Amino acid sequence: MNSITAKTPWKDHMGDVPMHLDYFEGSMFEMVEQVSSKYPDYLAFDFMGKPVTYRKMVQEIETCAKALKTIGIREGDRVTIAMPNCPQAIYMFYAVNLVGGIANMIHPLSAEKEIEFYLNESQSITAVTLDQFYHKFERVRQNTKVVNLVIASIKDALSKPIKAGYMLTEGRKIEKIPEDAPVIRWSEFMKLSRYCFYNYKVERKSNDPAVILYSGGTTGTTKGIVLTNKNFNALSQQVIAANQMFRPGDKMLAAMPLFHGFGLGVCIHTMLTQGGRCILVPRFTPESYAKLIVKHRCNFIAGVPTLYEALLRLPSMDGADLSCLKGVFSGGDSLSIELKKKFDKFLYDHKAVIQVREGYGTTETVTACCLTPSHMAKEGSIGLPFSDTYIKIVEPGTDKEVPYGEEGEILLAGPTVMKGYMNHSEETAETLRTHSDGLTWVYTGDLGTMDEQGFVYFKGRAKRMIITSGYNVYPGQMENILDAHEYVQMSCVIGVPDAYKMQKVKAFVKLAPGVEPTEETKQAIFDHCKKNVAKYAMPYDIEFREEMPKTLVGKVAYRVLEEEELNKLSSQE
């Protein structure tokens, strides 16, 4: 039997990482509250130079929860949070949990139509966002069930000197919200807490739904992934069990976004349930990331391979002392062997005594569920499973395991496995299957192998997907959007290799009869895309074709287009 259910590789390779853990049985908020009572004066997070203690954070969460109760949020209600990594987002996330609601986490840079889809798919009755995104919400609000729109501002979370500078620079760019806009401003919202006197804490069980994150699932159409309190709490305990060098007070650079399982589950929830300190990064650039690692002497950092590629080229990192680092994690896309070697050398040259550790996971399991051990790496491996997590490699779509070293579909089981896809019961049944061993397995659609010591190797994606700067872009979805434009008869979207982003998005379009392939036509299609897709998914180029290459069954042969682009790139080198 080729699965970690039959082996205990931890005992040989994971040092003192336990195979099994006793999991916290309460809600996410209760786990944070518990650690807060233990370390009330420790710093929970820093935001642009302004620190907040655990005691203060829990007070703000409770105030926010009372305000939510006042505006009518009840057990099971969905609240959409479209925020960058900022204090108000953290207060709101845990406050929704405290009143028994479900946090629907979305990208604040989503296009209008995407926001409308997320609000309707989740049936959200309240949404929370920043002033700079207000107009997008307002334009789609009438098509949704949203009753209350709460508007926060970055400036409200800043210390006075930084606030003044912010208002002179970034603050000036934000389009004004009309005085009579039908919104609740953050400060007014928090004052509503005074009208709630009791019964705002709703008891939630560990297996109750708590969070909705979005992913393409195994078919590439966007779906809400319903995750429980236990999913997040178990993840935090697993991460710490696999990183026994962690100590309360250790600092993590929280640059990965809150709408992403890695950002929310590892950089925020794991830290805040274990007494760690988050350095919140609201708007991420490689330059800001590098500056904050050095300034705050961070102990843990997480990122996608494109970030590490960028750090290698930053002049500001010359001579930086990174001896403070205890853990550097890479996820979201496979880390090439060459990039790992380069970055490990970079760490060594900057006084770090550790190497990059690669992990793997899916949003269906919140985020990472396996990780390279701290003291032992195998070239090309994504590591060993976390405590209580099982991985097996099967013939795709079956429950038949393949021999060690043979490629098959990666299956995952453990305490972080989702409840299911929201409103998609058929696909849930397809993705979550219970085997004769009694475990419920996630069929990832990813391909990999396992060696005899239980180390897992990621080999590629069975599903068609582009990963650009760590974000998943599903070509099928993009093609549907392009094909909806009156100028387009047929489209095909591919990923083109890119030194910085890993891949960038390119669209090929066959125009409708009578439409001329002009710059105006191209611009009209670009404008259509801007309204319907997030910035990171925007094509960098649209190429017009008189005919598309076809497969034998008449489908567009996207692999032919990929080959053509690769040939173009190699001829340029």
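The values are calculated or read from the model by the stated rules, or taken from the named source; none is laboratory data. Here the structure is a predicted model, which is why all the values come from computation and not from measurement. As a convention, Cβ positions derive from the backbone with ideal geometry for all residues, glycine included, and neighbour counts pool all protein chains shown. Areas reflect the complete protein model, heavy atoms only, side chains present, ligands, DNA and RNA absent. Shrake-Rupley method; radii C 1.70, N 1.55, O 1.52, S 1.80 Å.
General remarks:
- Among (1) in contact (Cβ under 8 Å) with a residue 24 or more places away in the chain; (2) closer than 25 Å to Gly276 by Cβ, the one test that Thr372 misses: (1)
- Residues in segment 75-114 that are part of a helix (DSSP H, G or I) and of a type in the set (Asp, Glu): 2 in all.
- Sub-7 Å Cβ pairs linking a first residue in segment 223-246 that is of a type in the set (S, T, N, Q) to a second residue that is assigned to a strand (DSSP E or B) and open to solvent by 10 Å² or more (accessible area, probe 1.4 Å), at least 6 apart or interchain, are Thr228/Pro209, ordered by first then second residue.
- Exactly one residue out of Ala152, Ala157 is touching a Cys at 6+ places or on another chain (Cβ under 9 Å), modelled with pLDDT under 95 and open to solvent by less than 40 Å² (accessible area, probe 1.4 Å), and it is Ala157.
- Answer from Gly405, Gly460 - the residue that is among the small types (Gly, Ala, Ser) and touching a residue at least 40 places away in the same chain (Cβ under 8 Å): Gly405
- Among the residues of segment 168-181, those that are assigned to a loop (DSSP other than H, G, I, E, B), open to solvent by less than 80 Å² (accessible area, probe 1.4 Å) and without any contact (Cβ under 8 Å) to a residue 40 or more places away in the chain comprise Thr169, Pro178.
- Segment 281-299: number of residues that are within 17 Å of the chain's Cα centre (by Cα) and more than 17 Å from Cys86 (Cβ to Cβ): 0
- Segment 121-167, subset in a loop (DSSP other than H, G, I, E, B) and in contact with a Leu (Cβ under 9 Å, 6 or more places away or on another chain), residue nearest to Glu188 (Cα to Cα): Ser153
- The listed residues are Tyr471, Tyr421, and the only one of them that is aromatic (Phe, Trp, Tyr) and out of contact with any Phe, Trp or Tyr (no Cβ under 8 Å at 6 or more places or on another chain) turns out to be Tyr421.
- Within segment 493-518, considering residues that are under 13 Å from Asp541 (Cβ atoms) and in contact (Cβ under 8 Å) with a residue 40 or more places away in the chain, the one farthest from the chain's Cα centre (by Cα): Phe508
- Matching entry among Lys419, Lys341, Lys345 (being among the basic types (Lys, Arg), open to solvent by 10 Å² or more (accessible area, probe 1.4 Å) and within 24 Å of the chain's Cα centre (by Cα)): Lys419
- Any hit, segment 200-217, residues being out of contact with any strand residue (DSSP E or B) (no Cβ under 9 Å at 6 or more places or on another chain) and within 29 Å of Ser110 (Cα to Cα): no
- So Asn207, is it part of a loop (DSSP other than H, G, I, E, B), in contact with a Ser or Thr (Cβ under 6 Å, 6 or more places away or on another chain) and either open to solvent by 60 Å² or more (accessible area, probe 1.4 Å) or within 23 Å of Ile279 (Cα to Cα) (or both): yes
- Just one of the listed residues (Ser215, Ser236, Ser193) is of a type in the set (Ser, Thr, Tyr), within 19 Å of Ile61 (Cβ to Cβ) and within 16 Å of the chain's Cα centre (by Cα), and it is Ser236.
- Residues of segment 266-305 that are part of a loop (DSSP other than H, G, I, E, B) and either in contact with a helix residue (DSSP H, G or I) (Cβ under 8 Å, 6 or more places away or on another chain) or modelled with pLDDT under 95 (or both): Thr273, Gln274, Gly275, Gly276, Val281, Pro282, Arg283, Phe284, Thr285, Cys298, Val304.
- Considering residues of segment 422-431 that are buried (at least 18 other Cβ atoms within 10 Å of the Cβ) and touching a residue at least 24 places away in the same chain (Cβ under 8 Å) only, the residue farthest from Thr270 (Cα to Cα): His424
- The one condition in (1) more than 24 Å from the chain's Cα centre (by Cα); (2) touching a residue at least 40 places away in the same chain (Cβ under 8 Å); (3) open to solvent by less than 10 Å² (accessible area, probe 1.4 Å) that Val394 fails to fulfil: (2)
- Considering the conditions (1) crowded, with 21+ Cβ neighbours inside 10 Å; (2) under 19 Å from the mean Cα position of the chain (by Cα); (3) farther than 27 Å from Leu235 by Cα, Ala67 is excluded by exactly one of them, (2).
- Some residue of segment 359-367 being of a type in the set (A, V, I, L, M, F, W, C), assigned to a loop (DSSP other than H, G, I, E, B) and open to solvent by 20 Å² or more (accessible area, probe 1.4 Å): no
- Positions within segment 532-543 being modelled with pLDDT of 90 or more and open to solvent by 50 Å² or more (accessible area, probe 1.4 Å), in sequence order: Tyr540
- Residues (assigned to a strand (DSSP E or B) and charged (D, E, K, R)) located in segment 389-413: Lys392, Glu401, Glu409
- Note on segment 487-505: residues that are surrounded by fewer than 18 Cβ atoms within 10 Å (Cβ to Cβ), aliphatic (A, V, I, L, M) and more than 20 Å from Pro549 (Cα to Cα) amount to 1.
- Test: residue in segment 504-516 that is in contact with a Phe, Trp or Tyr (Cβ under 8 Å, 6 or more places away or on another chain), farther than 20 Å from Val556 by Cα and modelled with pLDDT of 90 or more: yes
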